[in-house]
Amino acid sequence: MTKELNVGIVGTKFMGKAHSNAWKKAPLFFDTPAKPVLKVACGRQEASLKSFAEQWGWQETETDWKKLVSRPDIDIIDIALPQQLHYEVALAAAREGKHIFCEKPLAMTSRQAEEMLKVCEENKVVHYLNHNYRRTPAVALAKRMIEDGKIGRIFHWRCAYQQDWIVDPAFPLTWQLRQETAQAGPQWDLNSHAVDLAHFLIGEVATVSALTSHFITERPLADETTSGNLKAESSGTEKGKVTVEDAALMMVQFENGAIGSFEATRFATGKKNGLTFEIYGSKGSLLFDLERMNELKFYDNQEADDLKGFRTILATESSHPYMEHWWPAGHIIGYEHSFVHAVADFVTAITEQKSIEPNFADGLKIIKVLEAGLQSANQKQQVSL
Ligand code: SOE
């Protein structure tokens, strides 16, 4: 009889859907040592919560997350909420001995992140932070190639995370655009992913120099009941101040001597979810573009001169990370699959009583880099970590 792990999810919008899909698909495609059960879905709005639970197959619903985290029959708490709410839910869940699958960015501040990590360690729960792009096969392949020395000593990291969903000044003042509910704008939402990838692929950050920009400073107030999937309706004509940055640029020195640049913006008109990175090394280079997420471009500087050039690896062979669990070579996968990979690895970590990465310790390191970036931008000087 396969062991079952009862899951309670808090959050029923974009990430609630992506996570629900992953909880359902992981045991179907991966031989996970335990089967996640979609037990309870938790959200504030009763009507939409019920239809979410029915659509995704959650057995029960709950509007009070505190009751959910204290249920003895719940093994895992999935935090699919905006970052403002992560701290309180994670502390309560850890204190109840629940394993935690938490959306990024981990927290609003490094102080919150430190306490979340401490309480999880004290209660010996598995804690996972869903920087899902690490588990995109082409990115995991890049990691393997770097570890195998295929690109040698790394000189440069260049990463851009570009979106354009708020270029329209009529887009309302949703929670992502207010400091009290988001802490920051793309510096938290997008550069958190970029810094996680840099930690994963390059190493620790030593210094940060940054600047931020505010392109649109006030917007119509939002009707938050309509917000989700990066869309929302305004609540009328009254306006409010945008209190987070619209774009953030960082330049960093890594502890291993490499240097890096990060561009996070919601004003790259035409880029919808444009995450790209470039890594340049002594023996070769790697280029990734999320909009072509099954591909990894590789320049092998050890090739014969007449054969040198960037070539495209289609990361869909069974030998590529995670791909043996999906389709034959060339049958590509999508955005949602990295979430399935994360759930499969998380469930395995719980069953084998091991840790998983990235976790809250990784999340704390990320928040410290993001805070250093905001400090550098405010003080107009380089900040050391
Ligand atoms: C909005 O920028 C967002 O939903 C991010 O919060 C996610 O982490 C990213 O995967 C897609 O875009």
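The values are calculated or read from the model by the stated rules, or taken from the named source; none is laboratory data. Just so it is clear, the model here is predicted, and its values are computed rather than measured. Here Cβ is always computed from backbone atoms with ideal geometry, including for glycine, and neighbour counts include all displayed protein chains. The area values use the complete protein model at the heavy-atom level, side chains included, leaving out ligands, DNA and RNA. Shrake-Rupley method; radii C 1.70, N 1.55, O 1.52, S 1.80 Å.
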How large is the translational diffusion coefficient of the chain in µm² per second when you combine the Kirkwood radius over alpha carbon pairs with Stokes-Einstein at 10 °C and 1.306 mPa s?
73 µm²/s
Rounded to 5, the percent of DSSP beta bridges in the chain classed as antiparallel:
60 percent
If you average the C-alpha positions of segment 1-44 and of segment 314-383 separately, how far apart do those two centres end up, in angstrom?
18 Å
How many Å² of accessible area per residue for the chain, probe 1.4 Å?
43 Å²
Among rounded, prolate and oblate, which fits segment 227-350 when a ≥ b ≥ c are the square roots of the eigenvalues of its C-alpha gyration tensor, a/c under 1.5 means rounded, and a/b larger than b/c means prolate?
oblate
Label-point gap, in nm, between F29 and Q59 - each point 7 angstrom along Cα→Cβ:
2.5 nm
Per its Cα gyration tensor (rounded if a/c is under 1.5, else prolate when a/b beats b/c, else oblate), segment 246-312 is best filed as oblate
Stretch K354-L307 to full length: gain in nm at 0.36 nm per residue minus the Cα-Cα span?
12.5 nm
For E60, the residues 5 or more places away or on another chain with a placed amide H closer than 5 Å to its own amide H are V40, A41
Can you flag which of K150/K283; K39/K104; K17/K143; K67/K354; K24/K104; K17/K104 are past 18 Å Cα-Cα?
K39/K104; K17/K143; K67/K354; K24/K104
On a straight-distance basis, which aspartates and glutamates could pair with K308 in a cross-link, Cα separation under 16 angstrom, same-chain partners fewer than 8 positions away excluded?
D300
In nm, the gap between the two label points placed 7 Å beyond Cα toward Cβ at D223 and K272 is 2.5 nm
Would you compute, for the Cα atoms of segment 3-133, the largest minus smallest coordinate along each principal axis and list the three values in descending order, in whole Å?
38, 35, 32
Label model pair Q84, E291: point-to-point distance (7 angstrom along the Cα→beta-carbon line) in nm is 3.2 nm
Could you calculate the FRET efficiency of K50 with R144 from 1/(1 + (r/R0)^6), where r is the beta carbon distance between them and R0 is 45 Å, rounded to 0.05?
0.55
For segment 168-201 and segment 253-306, distance of Cα centres in Å:
21 Å
Rounded to a whole %, the carbon-and-sulfur portion of the accessible area of segment 3-133 at a 1.4 Å probe is 49 percent
